[in-house]
1. Would you confirm, using the coordinates I've provided, whether B:Asp79 is free of Cβ contacts under 8 Å to residues at least 40 places away in the same chain and within 14 Å of chain A (Cβ to nearest Cβ)?
2. Pairs needed: first member in segment B:85-113, of a type in the set (Phe, Trp, Tyr); second member anywhere, assigned to a helix (DSSP H, G or I) and open to solvent by 10 Å² or more (accessible area, probe 1.4 Å); C-beta distance under 8 Å; at least 6 residues apart or different chains.
3. Taking segment B:56-86 as the region of interest, how many residues are open to solvent by less than 20 Å² (accessible area, probe 1.4 Å) and polar (S, T, N, Q)?
4. For segment B:67-76, which residues satisfy the criterion of being in contact (Cβ under 8 Å) with a residue 24 or more places away in the chain, more than 7 Å from every other protein chain (Cβ to nearest Cβ) and not hydrophobic (A, V, I, L, M, F, W, C)?
5. Looking only at residues that are open to solvent by 10 Å² or more (accessible area, probe 1.4 Å) and in contact with a strand residue (DSSP E or B) (Cβ under 6 Å, 6 or more places away or on another chain) in segment B:131-144, which one is farthest from B:Gly54 (Cα to Cα)?
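The values are calculated or read from the model by the stated rules, or taken from the named source; none is laboratory data. If you're wondering where the values come from, they're calculated on a predicted model, not measured in any experiment. Here the Cβ is made from the backbone with ideal geometry for all residues, glycine too, and neighbour counts use every protein chain on show. All accessible areas refer to the heavy atoms of the entire protein, side chains included, with ligands and DNA or RNA removed. Shrake-Rupley method; radii C 1.70, N 1.55, O 1.52, S 1.80 Å.
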Protein chains: 2
Amino acid sequence: MSEIPLGGNVVCQVGLIVENIEHTVQKYCDLFGVAMPPIQVTLAHDVTETTYKGAPSDATAKLAFFDFGQVQIELIEPDHLPSVWRDYLDEHGESVHHIAFIVKNTGETIEYLAGHGIGVLQQGLYSDRSGMYTYMDSVPALGVMLELLENFPK
Amino acid sequence: MSEIPLGGNVVCQVGLIVENIEHTVQKYCDLFGVAMPPIQVTLAHDVTETTYKGAPSDATAKLAFFDFGQVQIELIEPDHLPSVWRDYLDEHGESVHHIAFIVKNTGETIEYLAGHGIGVLQQGLYSDRSGMYTYMDSVPALGVMLELLENFPK
């Protein structure tokens, strides 16, 4: 079998959707005894080229990251435009949203997952355009959403 | 500040609740190209001393584990008795259930979390009695359930 294009099966991130990121970040800092991370706001379609269910989207989110060993905990507070984040919050409330893998070639991984019946839900560039993310429609098969992260060569 | 008793803030496991573990294990094996893991069935209260919301419980679950780097993916299919697993499946459907940390002293960590308003939901010994797990009522504060894993000295 050729190599499975899922980043060596190493989970690098667990993403959670929250209602109020400032509130939840403070709880994490208090509980885990870590410094307050910056809260970033993602940019709109003109920069990030975000698509949701195949159509351009101006949905944004506030993000904060904690490094917990190999795994980064990502907190995500969506805005009110339709997105993979907003829809998840509306359907599930605050909860774990995805697990992420670093991939070398997003197109190749998407093709591989398509062969297993798993399509793309949302895709976009990082706000600094240094890489791209892709959320996959994997909940029906795997019980969890997969995110593919590709960091572009510098 | 004294050391935070949460295993150096290293996430060691992500647990998912599924309806049919044989079905989902097969999907993981196919997609990630890994060997079929054994499916274990946890034992009842006489062995595991399981308590749920403070009362003895005979709830069990089928479990399977995949090692994905530092992080183990745990699939859990609950039986139909009330448990932290069954209630989660009934409320949320198939989804991510918890993130786990290895702790040195469960009692100390429970005391620490109690000081942050987070109580115990379910606790029990591993079926081989080599350690214990404790699920914490952390969703309101953190958006995710914490599991404490303590492996007893051999």
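1. On the way: free of Cβ contacts under 8 Å to residues at least 40 places away in the same chain: yes; within 14 Å of chain A (Cβ to nearest Cβ): no.
The answer is no for B:Asp79.
2. Within 8 Å, the pairs are B:Phe101/B:Gly7; B:Phe101/B:Asn9.
3. 2
4. Passing the criteria: B:Gln72, B:Glu74.
5. Step one: of segment B:131-144, the residues open to solvent by 10 Å² or more (accessible area, probe 1.4 Å) are B:132-133, B:137, B:139-141.
With the extra rule that they be in contact with a strand residue (DSSP E or B) (Cβ under 6 Å, 6 or more places away or on another chain), the set shrinks to B:132-133, B:137, B:139.
Working: B:Met132: 15, B:Tyr133: 14, B:Asp137: 13, B:Val139: 18 Å.
The residue in question is B:Val139.
One line per residue, one yes/no per condition, for (1) open to solvent by 50 Å² or more (accessible area, probe 1.4 Å); (2) over 21 Å from A:Glu94 (Cβ atoms); (3) touching a Leu at 6+ places or on another chain (Cβ under 6 Å):
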site	(1), (2), (3)
B:Tyr52	no, yes, no
B:Tyr88	no, no, no
B:His92	yes, no, no
B:Ile99	no, no, no
B:Thr109	no, yes, yes
B:Ala114	yes, yes, no
B:Leu149	no, yes, no
B:Phe152	yes, yes, no
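Residue-by-condition table, conditions (1) of a type in the set (D, E, K, R); (2) modelled with pLDDT of 95 or more:
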site	(1), (2)
A:Val47	no, no
A:Lys62	yes, yes
A:Phe66	no, yes
A:Ser83	no, yes
A:Asp90	yes, yes
A:Val103	no, yes
A:Gly131	no, yes
A:Ser138	no, yes
